[in-house]
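Novice: Quick one: the structure is below, questions incoming.
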Amino acid sequence: MRPRLFGLTASVAAIGLLGSLVTACGSSESDGTTLRLVAPEYGDGPATSSKAYWNKLTTAFTAAHPGKKVEVTLYPWADVDREVTRMVQEDNAPDVALMGAYSDFAAQGRLYAAGELLSVRAEANFLPPLAEAGSVGNTLYGLPFVASSRLLFYNEELFDKAGVKAPKTWSELKNAAKALKKEGVLYPYALPLGPEEAHAEALIWELSNGGGYTDISGGYSIASESNTETFRWIKENLVVPALTGPVPPAELNRQDAFAAFLRGDVGMVNGYPSLLHEARAKGMKVGTVSMPVSDTLSSEAAPPSAGVADWMMAFRHEGNRELVGQFLDFVYEDKNLIEFAGRYHLLPATVSATEASEDAAADPSAEQFLTALRVSRLYPVNEPSWLQVSDTIKRNIGKAVAPSADPKIVLEDIAQQAEDIAKRR
C-alpha cells in the first residue's frame, strides 16, 4: 500500500497496449493525443500481473476517446520510484505516474495540482486522511489511488496450541511469543526490518508507543525519546531472546515474512488485506487485531494505525493537460477503481468507491482495515525529502535492534542523514 503497498520482484514489463513507450528525451511537449503512464507491477506473476487491468482500462478509455492513445510501462515496485526519477532528470517525465511518493516533484513545480485536472466534486471525493497526506500546504498534488492499513495477524491454530490469546499490549505480545517459541514455532513474531519495507514495520511500532517519524510541527523526529525506547524494547524483549526467528530482522524482508506466515511458520506478523485473503484461501485460521500498545500507554489509548497509499501524479507538459484530465477522470470512476482495489484486495482511495465496493460490504475484515485507515497516520509523503529519507530508513533502521547495537546511536545516525537530506532540498 515503501510508502508503497507492494514490493514484489516481477521483471520490468513494458506493455505495448497501443504502441511502444516513447523513450526519446526532451518530451516537455505533448501532441495531446498520446498519454504515457508509468506504474508499478502489483502482481507476483503472469496470472496476477497488473498488465491485464491496464490493458482493459486503456482499451475502454481509447474507445470512449477516439484518436487518443495510452502507452503503459510497468516496473517492479523496487524500481519504479527510481525509474520515474531518472526520467524526470532526463527531461523525459511520463504524463502520469503511479508510485510511492510525489512531493519531491511537486516541490520542483513539475506536477499539476488536482484542481487543474479534476472537478471540485472529484477532488473532494478522496478519503480525508489520504487527501491530507497528498497535499502540500492546502494543494492536492498526490492523488491517492489505492490504500491499506496494517493490523497484527496471528495464526489462531498456533495460538490455541500455545494456549495464548491475541495480545493487547507489548508485554502480552512478548509472553505470547515466548509461548509460541516453546511450541516450536519458527518465527514467534516475524519482524521484517529488511530493506524492502522496513520503514512500514518501524512506523507501526513507533506509533504504538506514541511516536512516529515526525513531531507535531511536521519536522522529522526519528531519534525521539519515544522511538528510542521502542527500538530498545524490541531489541531487549524480542530479538535478544530469539523470539523473532532464525533470520536477523535487518535481513528479513516483508515478502519473506509473509511467505513464512502462509507456510504456517509464523505466529504473529503485521499485515494488510491481501495477506489475509491469501491466508484464508489456503484454509488458514487467522485473527487480526490492532497493533498492541506499549505498556506505558493504556491498552485503551488506541494510537493511530499505520496507513499506506500509492499516489497518482500528473506531470506538466505543454499540450497534455486536457488529455491527462480526461484519463484521470476515467481512472477514478468507481467501477474502475473498485476493480483494481478488488483485484489486489486493497482499499479504494475515494469515498464513493469505498461505499460502492461490494467487497467492503461483504467482507467484515475489509471493513476492519477501512476503519483503521480512517484513523491512520501515513508516512510524511508531503515532505519533499521523504523519498530519500525513507530509503535511508529502509536501509538502516534494522540495525537498531541488532543484539550488539545501541538503538539510540543508530536512530541518531539516521536522523542526522535525514536532516542533511532535508537541508539539500
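Novice: Please find, among 122, 133, the residue that is at pLDDT below 95, surrounded by 14 or more Cβ atoms within 10 Å (Cβ to Cβ), closer than 20 Å to residue 389 by Cα and aliphatic (A, V, I, L, M).
Specialist: 133 is the lone residue from the list that is at pLDDT below 95, surrounded by 14 or more Cβ atoms within 10 Å (Cβ to Cβ), closer than 20 Å to residue 389 by Cα and aliphatic (A, V, I, L, M).
Novice: For the stretch 309-338, give me each residue that is open to solvent by 10 Å² or more (accessible area, probe 1.4 Å) and under 17 Å from residue 144 (Cβ atoms).
Specialist: Matches in the stretch 309-338: 329, 330, 332, 333, 334, 336, 338.
Novice: Take the stretch 81-103 and flag every residue that is open to solvent by less than 20 Å² (accessible area, probe 1.4 Å) and of a type in the set (Asp, Glu).
Specialist: 95
Novice: Which members of the stretch 191-219 meet the condition of being in a helix (DSSP H, G or I) and either under 15 Å from residue 151 (Cα atoms) or among the hydrophobic types (A, V, I, L, M, F, W, C) (or both)?
Specialist: 198, 200, 201, 202, 203, 204, 205, 206, 207
Novice: List the pairs whose first member sits in the stretch 304-318 and is within 30 Å of residue 293 (Cα to Cα), whose second member is in a strand (DSSP E or B) and open to solvent by 20 Å² or more (accessible area, probe 1.4 Å), and whose Cβ atoms are under 9 Å apart, counting only residues at least 6 apart or on separate chains?
Specialist: That search, which allows pairs on different chains as well, returns 304/377; 305/377; 306/377; 307/377.
Novice: Condition test on residue 222, is it within 22 Å of residue 382 (Cα to Cα), in a loop (DSSP other than H, G, I, E, B) and open to solvent by 10 Å² or more (accessible area, probe 1.4 Å)?
Specialist: no
Novice: While we're looking at this one, here's another question. Taking residue 112 and the conditions (1) more than 20 Å from the chain's Cα centre (by Cα); (2) among the aromatic types (Phe, Trp, Tyr); (3) closer than 26 Å to residue 202 by Cα, which numbered condition does it fall short on, given that it satisfies the others?
Specialist: Here residue 112 meets the rest and fails (3).
Novice: Looking at this structure, is residue 280 in a helix (DSSP H, G or I), at pLDDT below 95 and not polar (S, T, N, Q)?
Specialist: Answer is yes for this residue.
Novice: For residue 95, are the conditions met, namely being modelled with pLDDT of 95 or more and of a type in the set (Asp, Glu)?
Specialist: Here the answer is yes, as residue 95 does meet what is asked.
Novice: Also: Just to be sure before I move on: is residue 304 of a type outside the set (Gly, Ala, Ser), under 19 Å from residue 201 (Cβ atoms) and open to solvent by 20 Å² or more (accessible area, probe 1.4 Å) in the structure I sent?
Specialist: When the stated conditions are applied, residue 304 passes them.
Novice: For the stretch 218-239, what are the residues that are among the aliphatic types (A, V, I, L, M) and closer than 25 Å to residue 422 by Cα?
Specialist: 222, 223
Novice: For the stretch 150-186, what are the residues that are in contact with a helix residue (DSSP H, G or I) (Cβ under 6 Å, 6 or more places away or on another chain), outside any helix (DSSP H, G or I) and surrounded by fewer than 20 Cβ atoms within 10 Å (Cβ to Cβ)?
Specialist: Result: 183, single match.
Novice: Search the stretch 225-255 for residues being open to solvent by 10 Å² or more (accessible area, probe 1.4 Å) and hydrophobic (A, V, I, L, M, F, W, C), and hand back the single one that is nearest to residue 386 (Cα to Cα).
Specialist: That would be 250.
The values are calculated or read from the model by the stated rules, or taken from the named source; none is laboratory data. The structure presented is a predicted model; accordingly, all values stated were derived computationally and were not measured. So basically every Cβ, Gly included, is an ideal-geometry build from the backbone, and we count neighbours across all protein chains shown. Accessible surface areas use protein heavy atoms only, side chains included; no ligands, DNA or RNA. Shrake-Rupley method; radii C 1.70, N 1.55, O 1.52, S 1.80 Å.
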